[in-house]
Amino acid sequence: MTGAGSLRRVRTSTLEIAFEEHGPSDGVPVFLMHGFPDDARTWDGVAAPLAAEGCRVIVPYLRGYGPTRFLSTSTMRSGQQGAIGCDLKELMEALGVERAVLAGYDWGGRAACIVAALWPERVRALVSICGYNIQDIARNARPEPARIEWRYWYQWYFNTARGIAGLMQNRHEICPLLWRMWSPNWAFDDATYAATGASFDNPDFVDVVIHSYRHRYQAAPGDPAFTEVERRLAARPKIAVPTIVLHGAADAVDLPELSEQDAPQFTASYRREVVPVAGHFLPREAPRKVVDAVIELVGATSA
């Protein structure tokens, strides 16, 4: 696959996490975290330039995606935010990475924000696409304005039996449809989708995705293993590490206006940039913006 680094695997308490690695082993560690529905390919335009700058770039496949696998059939196939955040923390521990720059969007941005909020000693800096990505699950019971609500049709769909069957049967119609809807200016081809779509054939993809979109609306219980983490996240913890927020001006699911209100959640150095033309899949559409943000933060936090 174009842009793929060396594929490695490491075991955490519940997963065998597959990840691609680029750059020198002694470089500043940078973790690039993908979202839904996507995989490591979203970072192809980011990973190689960062490696060329001397960074050690680690691009994981999230639980339920690509070659990442659960170790046990008895482990709950949870997609809740606490699970995704803990997966990233455990991956860092398994690799012996004490501190890293974290960058991510969507689910991956949520994981990065969670680690930065709960374990800031592990995070050198953060590039968060779309702002403060930690879910306010208690508030999710309240409706948003209609111009925002309709954009979440897929989430309501996944909260029905028909939607579960639909994702199982039609994932390779639903996922590229979401790409086109969320990034209306991005003209991807069939080969680009195929390179990533294979990751959605992971045997746990449907279960993890459905649980994610049910748990956030309190329609499914969480994994008891993450009860304490979810309790801490419910308090809307501040993020006290240097942060750059990027937001695509044409993001059609997470509207740019939504991250305008996030600044108070970041208590260290912070700036927000709206990227023209780019939509939700900003790492694919404007990779240089991500590269520049990471390099800026690496330089600013050098000591």
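Computed quantities for the displayed model
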read-out	value
Neighbourhood charge, 11 Å Cβ-Cβ cut-off, centred on P37 and excluding it, Lys, Arg +1 and Asp, Glu -1	-2
Neighbourhood net charge (11 Å Cβ-Cβ; Lys/Arg +1, Asp/Glu -1) for V209	+2
Most fluctuating residue given options S74, S212, S183, as computed from a GNM of the chain linking Cα atoms under 10 Å	S74
For segment 63-84 and segment 237-303, distance of Cα centres in Å	27
Residue-averaged [θ]222 nm for the chain, counting only DSSP H segments that reach four residues, each worth -39500 (n - 2.57)	-11000 deg cm²/dmol
Label selected from (i) 14.1; (ii) 16.5; (iii) 17.6, the criterion being mean projected area of the Cα convex hull in nm² as computed here	(i)
Likely footprinting exposure, M181, M33, fewest C-beta neighbours within 10 Å first	M181, M33
Where labels lie 7 Å past Cα in the beta-carbon direction, separation of K238 and E257 in nm	2.8
Net length gained if the chain between R147 and A165 were fully extended (0.36 nm per residue, minus Cα distance)	3.8 nm
Pair S25, A194: separation of 7 Å Cα→Cβ label points (nm)	3.6
Anisotropy class of segment 130-287 from Cα gyration tensor, a/c 1.5 cut	oblate
Neighbour-count ranking [beta-carbon atoms within 10 angstrom, fewest first] of K289, K89	K89, K289
Label point 7 Å beyond Cα of V274 along Cβ direction - residues of segment 126-140 with amide nitrogen under 19 Å	128-133
For segment 1-118, share of DSSP beta bridges that run antiparallel, in % to the nearest 5	65
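Bear in mind these aren't lab numbers, they're just calculated from the coordinates by the rules spelled out. Being a predicted model, the structure only gives us computed values, none of them experimental. Neighbour counts are summed over all protein chains in view; Cβ atoms, including those assigned to glycine, are modelled from backbone coordinates with ideal geometry.
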